[in-house]
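These notes are about the structure you will find just below.
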Amino acid sequence: MIFLSSKIPWKSKSRLFVSVFLIIIIILITYQIFFIVNQYPGILNRPKEWWDHAYPPRLNRLGDDVVLKNVSSLAKIQYDFPYSAFRKKFIETPEEKELRESRRESIKQGFLHAWNGYVKYAWGSDEVLPLSNQSSNGYNGWGATMVDALDTMWIMDLKEEFKNATEYISHVNFNSSKAQISVFETTIRYLGGMLSAYELSGDEILLEKATQLGEAMIPAFNSPTGLPYNNWNLTRGLIDSNYRSYGTGLLAQVGTLQLEFMKLAQLTGNSTFFYKVQNVTNVLDKAKKKIPGFYPMFISQETGEFLDFDEISFGANADSFYEYLIKEYLLVGGAFDQYKRMYEESIDSMHKYLTREGQVKNRPDLLFLGEIYHGFLPRMEHLGCFVPGMLAIGAKTLNRPKDLEVAIRLGETCYWAYNSTPTGIGPEDFYFLEKNVTMDEKTTWLKQSQEDTVLPDGVYKLNGNYLLRPETVESLFVLYRVTGDKSYQEKGWKIWQSIEKWCKTETAYSGLINVASNKEIIQNDNMESFFFAETLKYLYLLFSTPDVISLDDYVFNTEAHPFLRMKP
């Protein structure tokens, strides 16, 4: 019997084998590409700069000395939005696309309006005063607005504005401070802003400047416990080894530095940055607590012990510490179980001690988030409206479905606080009536004393200040990305229309003195840099396709600067 193959010439046989081998390789590569684009929708549409420098940030190291061998993908966070074949294109009707893009363009134009006002009246300063057209320098005069706005400009494809700001930043000396600076604000705005912009753009000068600043801030951790001081003079800290800046530590300020310094360690290879902030986490973890998972707001840098166990809040002075626990876990792909444990303990206690139903007519779905101040205090802060977004991310990451239910109810309350004022803008904080609690004499007096304010149903006291804060739109953005519910886009659009109506000035945008006034609505001549970094970015992303800064690829710092997450 003669086999057919024996009749094939040797050269033809070799070519046949090579061809079959190449076909198999092509099939395998095609399968891998299909798998990747399904795991990460929109990845093929990423800009060239992303590919050029994407690999180093994904190295699973926190500096050269810390190699993470147990990084995992973690559970998918984002809703399974519809995409076309190979997930290249987000599926929507022409009418839906036109509406979404017109709204996104409106927000982009709002950014440009505010940015041009800053450029004209306050270029190089920290912030512009949007009524008086003056400048202010509350953040050391390094140009906080331009640093905070960098990644927003990149995401909005404002490359010329990005280039001009980066050129200015390249000449800033981040080794020197004229006076004491806030370690917390400097970290989240400047360090976070430059690191995120570097990862998005690949511009090496931004990493160079971030490293310069990070190194200058290291001496601020030289307390007996390693907890950083709230304020620090960079110039003096670099030349005087005996310099100390005493003062009681605040939970949010000592506990909201981890993401930025961990990312800096990852990008530079210098593990010292990681060791400093991991020590902070360890000190806070070991400190005595009255209720598991509840970290009091005040702590001593000298002893590492909390100072008042009866002040617990997810609002001012504490908020971002809790936020960072789940985000640290996401950044390192679950490599540190400590972050997960601390987060879950905190959220379990939050459910038990801080959430309450109210007395709003026909709204039994609303859930309120209070505080502990020597007993339960029914006060809900705008700052606390990041919690729905945090809970939604944690619910998907850690498979905690109850957290998502609570996130949706709290998110509705945060939006209700906006929708219940004459301006359609939420207040700085308000005191609510708990379910089945009768008003006492003090509560009645507080309500009657606010005769110049329109109080929403179920509220007896309200602080109507509005500082252009982002927390509510942040949670609307996250809830949309997690649930796919387009009603969150409608709510975000309604808030943006209110901001346009009441906050816009000839120069930029201004905060308000009382959003619930029954008289004149007065602007406060203030525009924080976080309006560019957070409020406008979250609104813009709310109307972008879901692959733009996907929550499955990025984690946001508390100033809304996105960092690439580690992947296995």
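The values are calculated or read from the model by the stated rules, or taken from the named source; none is laboratory data. Bear in mind that the values here come from a model prediction, so they are computed numbers and not experimental data. Quick reminder, even Gly has a Cβ in these numbers, built from the backbone with ideal geometry, and neighbours come from all protein chains shown. Heavy atoms of the whole protein, side chains included, go into the accessibility calculation; ligands, DNA and RNA do not. Shrake-Rupley method; radii C 1.70, N 1.55, O 1.52, S 1.80 Å.
Gain in length, residue 168 to residue 338, computed as 0.36 nm per residue apart minus the alpha-carbon separation, to one decimal in nm? Mind dumping the intermediate values first?
Details: separation 170, 0.36 × 170 = 61.20 nm, distance 4.02 nm.
Separation in residues times 0.36 nm, less the Cα-Cα distance, equals 57.2 nm.
Rank these residues by their accessible area, most exposed first, probe 1.4 Å: 519, 486, 567. List each step's numbers first, then the result.
Values: 519 155, 486 95, 567 25 Å².
Accessible-area ranking of 519, 486, 567, largest first: 519, 486, 567.
Helix 387-398: angle to the longest alpha-carbon principal axis of the chain, degrees 0 to 90, nearest 10?
Result, in degrees: 30.
Sum -39500 (n - 2.57) across every DSSP H segment of at least 4 residues in the chain, then divide by the residue count to get the 222 nm mean residue ellipticity, nearest 500. Write out the running numbers ahead of the final one.
Working: 20 runs with 258 residues, N = 568.
Counting only the DSSP helices, I get -14500 deg cm²/dmol.
Quick one: accessible surface of residue 86, probe radius 1.4 Å, all protein chains present, in square angstrom to the nearest 10.
100
Is region 189-257 best put as rounded, prolate or oblate by its Cα gyration tensor, with a ≥ b ≥ c the root eigenvalues, rounded for a/c under 1.5, and otherwise prolate when a/b is larger than b/c, oblate when not? Walk me through the intermediate numbers first.
Numbers: a/c = 3.32, a/b = 1.72, b/c = 1.92.
Judged from the Cα gyration tensor, region 189-257 comes out oblate (a/c at least 1.5, b/c at or above a/b).
Name every cysteine in the chain that ends up alone, with no second cysteine's Cβ under 4.7 Å, or say none.
503
Please give the residues of region 343-384, grouped as numeric ranges, whose backbone N is less than 20 Å from a label point set 7 Å along the Cα-to-Cβ vector of residue 288.
374-375
How do 423, 211 rank by accessible surface area computed with a 1.4 Å probe, from largest to smallest?
On the way: 423 5, 211 30 Å².
Sorted by accessible area, descending: 211, 423.
Once you've got the Cα coordinates, tell me which of 89/537; 120/178; 327/494; 288/396; 327/447; 340/486 are over 32 Å apart. It would help to have the intermediate numbers written out before the result.
Working: 89/537 22 Å; 120/178 25 Å; 327/494 29 Å; 288/396 30 Å; 327/447 39 Å; 340/486 30 Å.
Over 32 Å apart, Cα to Cα: 327/447.
Per residue Cα convex hull volume for region 451-514, in cubic angstrom?
Working: hull volume 7.5 nm³, N = 64.
It comes to 118 Å³ per residue, whole-number rounded.
For residue 405 and residue 204 in the same chain, what is the full-extension length gain: residue separation times 0.36 nm, less their Cα-Cα distance, in nm? Working shown, then result.
Details: separation 201, 0.36 × 201 = 72.36 nm, distance 4.27 nm.
Roughly 68.1 nm would be gained on extension.
Determine the gain in length on full extension of the stretch residue 362-residue 522; use 0.36 nm per residue of separation and subtract their C-alpha separation, reporting nm with one decimal.
Between residue 362 and residue 522, full extension yields 54.4 nm more.
Under a 5 Å amide H to amide H cut-off, with H placed in plane at 1.01 Å, what residues pair with residue 371 once short-range neighbours are removed?
Those lying under 5 Å, H to H, from residue 371 are 377, 379.
Mark the label point 7 Å from the Cα of residue 348 along Cα→Cβ and return the residues of region 291-308 whose backbone N is within less than 16 Å of it.
The answer is 291-295, whose backbone nitrogens lie closer than 16 Å to the label point.
What's the FRET efficiency of residue 70 with residue 272 using the Cβ-Cβ distance as r and R₀ = 30 Å, to the nearest 0.05?
With a Förster radius of 30 Å, E is 0.85.
Write down the Kirkwood hydrodynamic radius of region 242-348, to one decimal in angstroms, obtained as one divided by the mean of 1/r over all alpha carbon pairs. Before the final figure, lay out the partial values.
Working: mean 1/r = 0.0702 Å⁻¹.
About 14.2 Å for region 242-348.
In percent, what relative contact order does region 67-564 have, based on Cα pairs under 8 Å that are 6 or more apart in sequence?
Values: 933 pairs, mean separation 90.6, N = 498.
The value is 18 percent.
If we count every other residue with Cβ under 11 angstrom of residue 290's Cβ, Lys/Arg +1 and Asp/Glu -1, where does the sum land? The partial results should precede the final answer.
Numbers: positive: 288, 289; negative: 308, 310, 311.
In short, -1.
Compute the accessible area per residue over region 67-564, keeping the other protein chains in place, probe 1.4 Å, unit Å².
Values: 18150 Å² over 498 residues.
For region 67-564, the solvent-accessible area averages 36 Å² per residue.
Roughly what angle does helix 319-331 make with the longest principal axis of the chain, taking Cα atoms, 0 to 90 degrees, to the nearest 10?
Helix 319-331 sits roughly 10 degrees off the main axis of the chain.
Can you give the angle from 0 to 90° between the axis of helix 337-353 and the longest principal axis of the chain, with both taken from C-alpha atoms, to the nearest 10?
40
Quick one: net charge around residue 437, please, counting Lys, Arg +1 and Asp, Glu -1 for every other residue with C-beta under 11 Å from its C-beta.
Overall, the nearby charge balance is -1.
Given points 7 Å out from each Cα along the Cα-Cβ axis, report the residue 300 to residue 123 separation in nanometres with one decimal.
Simple spin-label model gives 5.2 nm for this pair.
Is the shape of region 80-143 best called rounded, prolate or oblate, per the rule: a/c under 1.5 gives rounded, else a/b larger than b/c gives prolate, else oblate, with a ≥ b ≥ c the square roots of the Cα gyration tensor eigenvalues? Can you show the working numbers first?
On the way: a/c = 5.15, a/b = 2.71, b/c = 1.90.
It is prolate, given that a/c is not under 1.5 and a/b is the larger ratio.
How large are Rg and Dmax for the chain when calculated on the C-alpha trace, in angstrom?
25.5, 108
Where does region 425-568 land on Rg(C-alpha)/(2.2 N^0.38 Å)?
Details: Rg = 18.1 Å, N = 144, 2.2 N^0.38 = 14.5 Å.
It is 1.24.
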